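Single-structure report; data block below.
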Amino acid sequence: MEITKYLKKPSSYIMWLLIIVFGIVGVQYYAGYISASTAAIFMDLMKFIGIALSLAVIMSYTGYVSFGHVVFFGIGGFFTAYELSKYSQQILQGGNPYTIFLMGMLIGVGLSVLLAATVGAAVLRLRGAFFAIATIGLDYVILYLEMTYKGGAGGGEIYFNVSRPRFLEETYFVFFIAFVITLIIAYIVKVSKFGYGLAAIREDEDAAEVIGVDTVRYKIYAFMIAAGLAAIWGSVYSWRQFNFTPENFSLGISVDMIVMNVIGGLGTFIGPIIGAFIYYIIYRLTNTYLPQLAYIILGIIVVAVVSFLPEGVAGLIRSKFPNLRKYFE
Amino acid sequence: MNKNLAIALAVVIIIIIAAVPILMKQGGGEETTEEYGTIKIGMTISLQGKYQTEGKQALCGVEAAIKWYNDNGGIEVNGKKYKLELKYYDDQSKKELVQSYYADLVTKDKVNFLLAPYSSGLTLAAAPISQQYGIIMISHGGASDKIFSQGFQYVVQVLTPASKYFESSLKLVKEQIPDAKIAFIYENSAFSNAVMQGASQIAQQYGLQVVYNNTYEKGQTEFTSLVQEAKQAGANVLIGGGHFEDGQILINTAYNNGWHLKFISILVAPAQPEFAQAVGDAAIGVAAPAQWHVKASYSPDNVPSGYVWAGPTKEEWLQAFHEVCPDIETPAYQAAEAGAAIVFLVEGIKSANSLDNQAVRQAMNNLAIYTFFGPLKIDPDTGKQIAHPMIVIQWQEQNGQLVQEIIYPPDSATAQPLIAPAVWWPTG
Amino acid sequence: MEFISNIIYGLIYGAILGAVASGLTLIWGVMKVVNLAHGHLAVLGAFLAVIFYKYTPITIDPSLSPIIAFIIGALFGIFFYYTSLHVIVGKAETMTLKVEMSSLLSTFGFGVALYGLLYYGSAQGWYLQFEGLTGWTIQVGGKPYFEILGVSIQYSWLVGLFYAVILIALVELFLRKTVWGLAIRAVAQDSRAVALTGYDPVKVKLLTTVLSTAMALSAGAIFTLYIQNGINPDLEHFLAPLSFVIVVLGGLGSVIGTFIGGLIIGLAYGITMALTGTQAIALSVSFVILVVILLVKPQGLFGR
Amino acid sequence: MTYVLELEKLESGYGETQVLFGVNLKARKGQITALLGSNGAGKSTTLWTIMGIVKPWGGKILFNGEDVTMLPPYKKVNIGMTLVPEGRRLWPQLTVEEHLIMAASIPRSKERAQEILEMVYQLFPRLKERRNQLAGTLSGGEQQMLAIARGLMLNPVLFMLDEPSLGLAPKLVQEIAETISKLRDEWKLTVLLVEQNIHMSMQIADYAYIIENGRIVLEGTVDELKENPMVKKAYLGL
Amino acid sequence: MAEGDIVILRVEKVTKRFGGLVALSDVSFEVNQGEILGLIGPNGAGKTTLFNVITGVYKPEEGRVIFKNKDITGLRPHKIARMGIARTHQIVKPFGDLTVLENTMIGALYGRRHGHITEEEARDIALDILEFVGLKEKADLPARILNIQEKKRLELARALAEEPELLLLDEVLAGLNPSEVAKMLDLLRKIRSEKNVTMIMIEHVMHAVMNLADRIVVLHFGRKIAEGTPEEVASNPEVITAYLGDPEMALKFVKSLKKG
């Protein structure tokens, strides 16, 4: 089959390594060898890699920098929280929250993909900064609409309770499944024929069109996939936090996504992953040792990377070690 | 060749990752011995981030209460003496950190009881852990009613829930202003919404007339439209607010647009000492509901019927507070409510005469105690606080100085309420 | 009645927002740098107004702070240009999509750092969150406002409005009547021809950045005349997105257009507020306008 | 014979592509020197390199005997080197007068600004009529005049023109040619003219170079070159 | 014309305007299968615009473009590409971050066999073509580090990988030095002899066009001013005027040609 073929390429090795490592950590956590706070580090890493890759499909692969990508993250989270709180009584009486969670997630992902398709058809005609700004606009429209939601706790906030005997351990695997799905989808998108088309669009949209790439359709597909992946992460994030707040629509999350992609390097599958690791390390270090300076340091790093390392860390590795290129797609 | 190398490398890495925690687990065995007779209380608190000021206060309040108990012979449970020990982590005001730290507190540090983190959002993030392991968690900074409608069985509240925030203020309005026409202008957030839902119900109950009811969004700076609409609706009492900045701007806008008001009570901002500096003379007459104030005089001398005195007196607690946190001049309400959480927990343990969480939780249902923080009593089903009243503080002018006075409840009031101050209600 | 007052407030508000956006239209329209740090720069200006009033040995009245913020902003603009723009746009003759995106990302990074600095500042000694501007109003005859047609208008708004108009008029005059203003406009249209006419394009770009930054800081100080209180780093989340809306609406590079764009956004806000009474809807209307304009007339209402 | 401009083994290119392979060229004082060649032969690149817009890779540029190889373009303008670029490169949103004011405001021409302006208006009366019109609304011929006028406002010593006849009707080409002659005869400028229109260049130039694939393949006075079939070959590739 | 000549592309009365500027005015010509048509004209004559009209980048205001008896006017470029028209660009547009092989593969994947080709097949085609154009050793290098003539070859490879029936070449010789021009000409001849592709080439290097093209179309100010064999065109006074600027000289020139 087509797909299994992709999953045997050398460039997939790193992905498999990640899946195995995070899987082993999960098993150890479930068996009680690893503390919750250590496991939380891995969960955070999964989330960072996940949201970075979700944006990468449109920003890094296709070249369209979306500053409002968080809108899909938020929609996924909102509908998950909405469903879980709607059926809270059932859950409290011992109902299985996972079916409801899955339902909420599917609604969130579905609506995100739908929104991406409809809005994308319009805004993807814009290039460069105009697209970025239109997506910011989109995020604010949805955010303000969401804030008028009077259900839940009011002010657009929704609380629910899905506590279970081994909630944390189970949640690790919820993250893990989302992680595996994201990695595989993002990877296949990158290395498939579709990915070549997206790369052509990123490098030169007009040339791509003339060569035979249906740029309009491809951009929309990429946007839909990116939206769907972001929605999955919004969904599992809500699940873990027991709530949804309008802050899940805040541009700060978009900022995280963009910074990880920029640091890691645009145009690759491995870039956002490396970016997420580096970002996470910076994030933890600054939070631990220089909490007040975290943003200052991050900002300086972004400026430095954009100015002096435009290809990002992955680009640096790829150009310094051409032999590794086939592993670092 | 290259491929084999890569696979070999991967296998090595995987083995290392798999082995490390197991080895570490065998190496570092941590056993808890009962010979010290300690009761471990765990919490995370925000020493960084947006709740850092409140977090520091709360931590000092807790430590002061613990110190008082330990200095006064500890606690006797089932014939054995125990001292209290606090284990805390800094959650940096971040939801993500809360869950893992609480899980660690329970599984690694093996604490007996939990205190919640500061704020409703963080409390909610920690609640699942309490539920999962069946450990009591006392909420001292989470006012939202919604926490207590989610079916968490071990979460217990010591502070007044959001729905009761304006009860005292509205009682004042009903008593003092017969022709009151109320405008509700508040932030569109879960907390303010909950507060206002409660306030609306109470106003209805009291038969007060509400002529305007609207919200503004977080981070807003434009209040003129709302203020003008409310003014034109003929409102003469303003109830609302949300946070610090919006509170200031709201008051400022109301004042600068010539809105004549007899009484104002808004959330949070006026409770801060800096408020008067921020809005100047417009602060006169502005009131705020507060959980507690250092001038409040709850003492063993005025215990109402049905309650018993428990824990340190205000003076004792203040003294302990200054010993553990000499750098903080005046404890704020966050410190008092956190201290009261310890008192409530200890009284629960004493009453159950056991360290078993289920037993203590049962015992708490029957507690009715009067503390330096005021009366405390919980709803057995939800763990929600039902006895503690809000006090109302108001900015007043004394000898040319702007000061905060308590105007409600009457038994701990330090001044008469100022209704229709000349600044806001110019006559003629 | 309500309708009229909402429209009047909307217009005043919009004019002041237009001032905030006008610096952005300059750097975006002229240098093709989509300055994502612009909102943070404006907040810095607002902070300066507070600092001058409260934390300097000599108290400077906020009604003067737009002027001082402009001067400091000019100096800060030099720093801004050399730290985050020069490497990327200094040598670039044409702003290709790649350069444009790089500059977008680097100004974004600068903005994040600046936000961090302001945040750090608010958490440290010079804590401004609570104190904002301390009880500051302009009063005439003991009252901070006057009424016409039953609509009350604050004097300090008029001062802010005055500054907004002056700022925009001065910048427009500078662009039209001075040689360097001509050079700034010319660089937007053809940068190489500017070099061939004896002007250093780097200098022109630096000047543009400096002017834009000075305008941002000054406008931030003007904004404090409107809200007078509650200055905090998060104000950016509110200023920057609206600035983008206004600039796109008014047309890139058109200072006057931006001012009018600000008025339109203010008007739209006022009307929706009057009609729906819900701030969330009134706020989202601006962004709906943004997306529609981008799709229908991306060069803006007054764009060339 | 004094040379205003001397190129010695000039090399340059874009990115990794070399375009000029050692160009030697001299512009004689007070004369019109033409640089001729087919499309893509390196004519414009030569001018860009002289002005410093394209950085020289090797060789020397002497202006009035001074080495100016590495000066940035705007400094070259300020010592009297002026290029009227191909395609005019006006600023469509600026008026005619604004173009001229901007050029006249550089230190070099500030003092003589009024004087030159009058001379320019005398040369192009049509520009005076349209001085408040936006450049973008001018006709092709007027745009070319404005481009030349803008160059003249810079008070040049060496006046370089890149394909001034491009895209103009024959009648206008003639007009431009006459103008360029005037610049030599009345304004006493040294002119370096790059042209595809071989006829026009031959008509007014004193000396000419033929460039092919980044190398000067032929040079001589115009009379010498006129009958040389190499010239045609360079153009039509026969 | 010889029997068996099939018209592969017919441009009928195409007019394209940009604002007030008429870039193409009433241009008509035909291209026969298997021939090389040269398209020449001074700068700004509308040659590249014509390519853009044929490939669907621009939609003409008037006129039609017929490819293999199908009206392709106004179709989106990718559709036209998939029908078998490939092109190169005057300013090369390689996908810089991708490798040479990937660039070429994209051509194969999205070209005429779009949708009916696996990645392996595309890779094989791409490798063949790269060998054909002499870039095989560079297959795994990122395209951006190639030099200009390699980039030109890559553009050609990418276009050929689409397996087109009609190939539009926009100044493939521009910017090359003489020895590179010679090599490129060899390559073009090889394409002609081995690939059975019809070509239209825009070119300024005259001796190349004159050498290679079967017929030549001359554009000037957006109008077709001449069409014919290279010899016919080179001796057309109007063409020479367009190039050299002067009718008298043109006449002289033509005379000299006739003599020689």
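Data table
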quantity: Two-site label geometry, B:Lys350 and E:Gln33: point separation in nm, points 7 Å out along Cα→Cβ; calculated: 10.4 nm
quantity: Chain A: angle of helix A:70-86 to the longest principal axis, Cα-based, in degrees nearest 10; calculated: 20 degrees
quantity: 69 Å tail of the calculated P(r), the protein assembly as shown, as % of Cα pairs; calculated: 20 percent
quantity: Over the stretch E:94-163 - Rg/Rh using Cα atoms and the Kirkwood inverse-distance radius; calculated: 0.94
quantity: Chains C and A together, accessible area buried on both sides, 1.4 angstrom probe, square angstrom; calculated: 3300 Å²
quantity: Inter-label distance for A:Ala304 and B:Asp179, nm, one decimal - labels placed 7 Å from Cα along Cα-to-Cβ; calculated: 6.8 nm
quantity: For the stretch D:92-165, radius of gyration divided by Kirkwood radius, i.e. Rg to Rh on alpha-carbons; calculated: 0.94
quantity: Under 18 Å from the Cα of B:Lys108 - lysines, other chains or at least 8 residues apart; calculated: B:Lys25, B:Lys40, B:Lys87
quantity: Reachable lysines, given that their alpha-carbon falls under 17 Å from the alpha-carbon of E:Lys70 and they are not under 8 places away in the same chain; calculated: E:Lys13, E:Lys59, E:Lys79
quantity: Candidate aspartates and glutamates for bridging to A:Lys326, where Cα separation is under 13 Å - those fewer than 8 sequence places away on the same chain excluded; calculated: E:Glu102, E:Asp140
quantity: Stretch gain in nm, segment E:Asp128-E:Glu231, where the contour uses 0.36 nm per residue and the Cα spacing is subtracted; calculated: 33.5 nm
quantity: Size of electric dipole in the stretch E:94-163: Cβ of Lys, Arg +1 and of Asp, Glu -1, about Cα centre, debye, nearest 20; calculated: 320 debye
quantity: Protection proxy ranking, peptides D:113-123, E:51-61, average beta carbon neighbours within 10 Å, highest first; calculated: E:51-61, D:113-123
quantity: For chain A, accessible area per residue (1.4 Å probe, heavy atoms of protein chains only), Å²; calculated: 31 Å²
quantity: Average beta-carbon neighbours from other chains, 10 Å sphere, peptide A:29-42; calculated: 5
quantity: Radius of gyration, Dmax [the stretch C:2-296; alpha carbons; angstrom]; calculated: 18.9, 60
quantity: Potential extension, A:Ile282-A:Glu247 segment - 0.36 nm per residue separation minus Cα distance; calculated: 10.4 nm
quantity: For the stretch C:163-206 and the stretch C:222-275, distance of Cα centres in Å; calculated: 24 Å
quantity: Peptides ranked, highest mean first, by Cβ atoms within 10 Å: ranges A:191-204, A:40-53, C:150-163; calculated: A:40-53, A:191-204, C:150-163
quantity: Leading residue at positive end of dipole, the protein assembly as shown (Cβ point charges), from D:Phe63, A:Ala40, B:Gly240; calculated: D:Phe63
quantity: Estimated FRET transfer efficiency when R0 is 60 angstrom, pair B:His260-D:Ile79 (beta carbons, to 0.05); calculated: 0.25
quantity: The stretch A:1-26-the stretch E:118-175 distance, computed between alpha-carbon centres (Å); calculated: 32 Å
quantity: Chain B: angle of helix B:52-71 to the longest principal axis, Cα-based, in degrees nearest 10; calculated: 70 degrees
quantity: Cβ-placed point charges (K, R +1; D, E -1), dipole of the protein assembly as shown about Cα centre in debye, nearest 20; calculated: 2700 debye
quantity: Filter on B:Lys295/B:Lys350; A:Lys150/B:Lys218; B:Lys81/B:Lys350; A:Lys190/A:Lys219; C:Lys91/D:Lys110; D:Lys9/D:Lys43 - keep pairs with C-alpha separation over 21 Å; calculated: B:Lys295/B:Lys350; C:Lys91/D:Lys110
quantity: Rounded percent of accessible protein surface that carbon and sulfur make up, the protein assembly as shown, 1.4 Å probe; calculated: 57 percent
quantity: Within the stretch A:36-67, backbone nitrogen closer than 18 Å to the virtual label 7 Å beyond the Cα of A:Lys9 toward Cβ; calculated: A:53-54, A:56-63
quantity: Percent RCO, i.e. relative contact order, over chain B, from Cα pairs under 8 Å lying at least 6 residues apart; calculated: 18 percent
quantity: Accessible area per residue, Å², the stretch D:87-155 with all protein chains present, probe 1.4 Å; calculated: 42 Å²
quantity: CD proxy at 222 nm, helix term only [per DSSP H run n ≥ 4: -39500 (n - 2.57); per residue of chain E; nearest 500]; calculated: -12000 deg cm²/dmol
quantity: Per-pair calculated FRET efficiency, R0 = 41 Å: D:Lys60 and E:Asp140 via Cβ, rounded to 0.05; calculated: 0.50
quantity: Other protein chain Cβ atoms within 10 Å, averaged over every residue that makes up B:148-160; calculated: 2
quantity: Angle between chain E longest axis and helix E:119-133 axis [Cα atoms, degrees, rounded to 10]; calculated: 50 degrees
quantity: Coil-residue GluC sites (Glu not before Pro) of the stretch B:323-374, DSSP, other Cβ within 10 Å capped at 15; calculated: B:Glu329
quantity: Shielding by partners, peptide A:123-129 (average Cβ within 10 angstrom, other chains); calculated: 5
quantity: For chain B, calculated [θ]222 nm from helices alone, where every DSSP H run of n ≥ 4 adds -39500 (n - 2.57); calculated: -12500 deg cm²/dmol
quantity: Translational diffusion coefficient (Stokes-Einstein; Kirkwood radius from C-alpha pairs) of the stretch A:2-327 at 4 °C, 1.567 mPa s, in µm²/s; calculated: 64 µm²/s
quantity: Rounded Å value of the spacing that divides the Cα centres of the stretch C:1-74 and the stretch D:82-108; calculated: 34 Å
quantity: Mean separation of Cα contacts under 8 Å (6+ apart) over length of the stretch C:2-296, as relative contact order %; calculated: 41 percent
quantity: Lys, Arg +1 and Asp, Glu -1 on Cβ, resulting dipole of the stretch C:2-296 about Cα centre, debye, nearest 20; calculated: 620 debye
quantity: Relative contact order (%) - criterion: Cα under 8 Å, at least six apart; region: chain E; calculated: 23 percent
quantity: Extension gain, B:Ala415 back to B:Ser149 (0.36 nm per residue minus Cα-Cα distance, nm); calculated: 92.0 nm
quantity: Pairwise FRET efficiency - B:Trp425 versus D:Glu129, Cβ, R0 = 60 Å, nearest 0.05; calculated: 0.25
quantity: Range of Cα positions in the stretch C:195-304 per principal axis (Å), largest first; calculated: 56, 37, 19
quantity: Where labels lie 7 Å past Cα in the beta-carbon direction, separation of C:Asp234 and B:Asp71 in nm; calculated: 3.8 nm
quantity: Charge-dipole axis of the stretch C:2-296 as Lys and Arg at +1 and Asp and Glu at -1 on Cβ define it, positive-most pick from C:Val151, C:Val210, C:Ala186; calculated: C:Ala186
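The values are calculated or read from the model by the stated rules, or taken from the named source; none is laboratory data. Remember, predicted model here, so these are calculated numbers, not experimental data. All Cβ positions, glycine included, derive from the backbone under ideal geometry; neighbour counts span all protein chains shown. For the accessible areas, the whole protein counts, side chains as well, though only heavy atoms, and no ligand, DNA or RNA atoms are used. Shrake-Rupley method; radii C 1.70, N 1.55, O 1.52, S 1.80 Å.
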